[in-house]
Amino acid sequence: MGNVALPAPVIGFDLDMTLIDSRPGIGAVYDALAAETGVHIDTALVTSRLGPPLPAELANWFPADRVPAMVDRYRELYPALAIEPTIALPGAVEALRAVHALGGSTVVVTSKFAPSARLHVEHLELPVDDLVGNVYAAGKGPALAERGAVVYVGDHTADIAAARAAGTVSVAVASGPFPADALRAAGADVVLESLHEFPDWLKVSRG
């Protein structure tokens, strides 16, 4: 783990597979969409690669001219099917609280539709101060930079690109589709096996 001198921190976090395990809920929505449309969707494959924006995933299963309607329908189904089955990942609440304990603030920056992301945060009572949705990879950079984030925590190589775009420290957690070695190879500044390690890393980083 590296040592990074930090001011009173604004820390950014990804959502899916960083703070929450949304695979059961997302799988339920895709199953419902497949049942409604008669289109085969490999739900296990979909939930094994969470991260990219919804339209990009739906384009793997539907022709381009149907994707916008499927995005709308997915988002209609989501609140009833995806919120209840989703759980906080181990160490997530403690990681967020660790930021507050140092006088900092937390912001979720996610590719997920913002209203859906807020439902998760509220349902799981995650101590999040701010939330930005509908941004992905380097597209997250402006939201992080505008809020003065000094660290961005995520599980995906695209989250490392987000941190780079924002000029922040990239902390990668091996809780999503990429193992620790792949996250290191993608250029993460720090790689953690789980968010259980984050509070100690944050304390050490602040010296």
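Of the residues that sit in segment 1-24 and are in a loop (DSSP other than H, G, I, E, B) and modelled with pLDDT of 95 or more, which one is farthest from Phe198 (Cα to Cα)?
Among those residues, the one meeting the criterion is Ser22.
In segment 128-161, what residues are of a type in the set (Gly, Ala, Ser) and not in a helix (DSSP H, G or I)?
Within segment 128-161, Gly133, Gly148, Ala149, Gly154 meet the criteria.
On the given criteria, is Gly51 in contact (Cβ under 8 Å) with a residue 12 or more places away in the chain, in contact with a Leu (Cβ under 7 Å, 6 or more places away or on another chain) and either surrounded by 17 or more Cβ atoms within 10 Å (Cβ to Cβ) or not in a helix (DSSP H, G or I) (or both)?
No.
Residue by residue, here is whether (1) in a helix (DSSP H, G or I); (2) buried (at least 20 other Cβ atoms within 10 Å of the Cβ) holds:
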{"site": "Ile26", "(1), (2)": "yes, yes"}
{"site": "Leu45", "(1), (2)": "yes, no"}
{"site": "Val71", "(1), (2)": "yes, no"}
{"site": "Glu76", "(1), (2)": "yes, no"}
{"site": "Pro85", "(1), (2)": "no, no"}
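Find the residue count for segment 162-179, including only residues that are in a helix (DSSP H, G or I), within 19 Å of Leu19 (Cβ to Cβ) and open to solvent by 10 Å² or more (accessible area, probe 1.4 Å).
Selection size over segment 162-179: 1.
Exactly one of these conditions fails for Ser111: (1) in contact with a Ser or Thr (Cβ under 9 Å, 6 or more places away or on another chain); (2) not aliphatic (A, V, I, L, M); (3) not in a strand (DSSP E or B). Give me its number.
Among (1) in contact with a Ser or Thr (Cβ under 9 Å, 6 or more places away or on another chain); (2) not aliphatic (A, V, I, L, M); (3) not in a strand (DSSP E or B), Ser111 violates only (1).
Could you please tell me which pairs satisfy a Cβ distance under 7 Å, a separation of 6+ or placement on different chains, a first residue in segment 60-77 that is farther than 19 Å from Phe113 by Cα, and a second residue that is exposed (fewer than 12 other Cβ atoms within 10 Å of the Cβ) and of a type in the set (Ser, Thr, Tyr)?
none
Right, Arg184: under 22 Å from Tyr78 (Cβ atoms), open to solvent by 20 Å² or more (accessible area, probe 1.4 Å) and either without any contact (Cβ under 8 Å) to a residue 24 or more places away in the chain or in contact with a Gly (Cβ under 6 Å, 6 or more places away or on another chain) (or both) or not?
no
Determine if segment 89-109 includes at least one residue that is more than 24 Å from Glu197 (Cβ to Cβ), at pLDDT 95 or above and surrounded by 19 or more Cβ atoms within 10 Å (Cβ to Cβ).
no
Counting only residues that are at negative phi and open to solvent by 20 Å² or more (accessible area, probe 1.4 Å), how many does segment 122-155 have?
Residues flagged as at negative phi and open to solvent by 20 Å² or more (accessible area, probe 1.4 Å) within segment 122-155 amount to 18.
The values are calculated or read from the model by the stated rules, or taken from the named source; none is laboratory data. It should be emphasised that the depicted structure is a prediction, and the values quoted were computed from it without experimental measurement. Please note: Cβ atoms are built from the backbone with ideal geometry, for glycine as well, and neighbour counts cover all protein chains shown. In case anyone asks, the SASA skips ligands and DNA or RNA and just uses the protein heavy atoms, side chains included. Shrake-Rupley method; radii C 1.70, N 1.55, O 1.52, S 1.80 Å.
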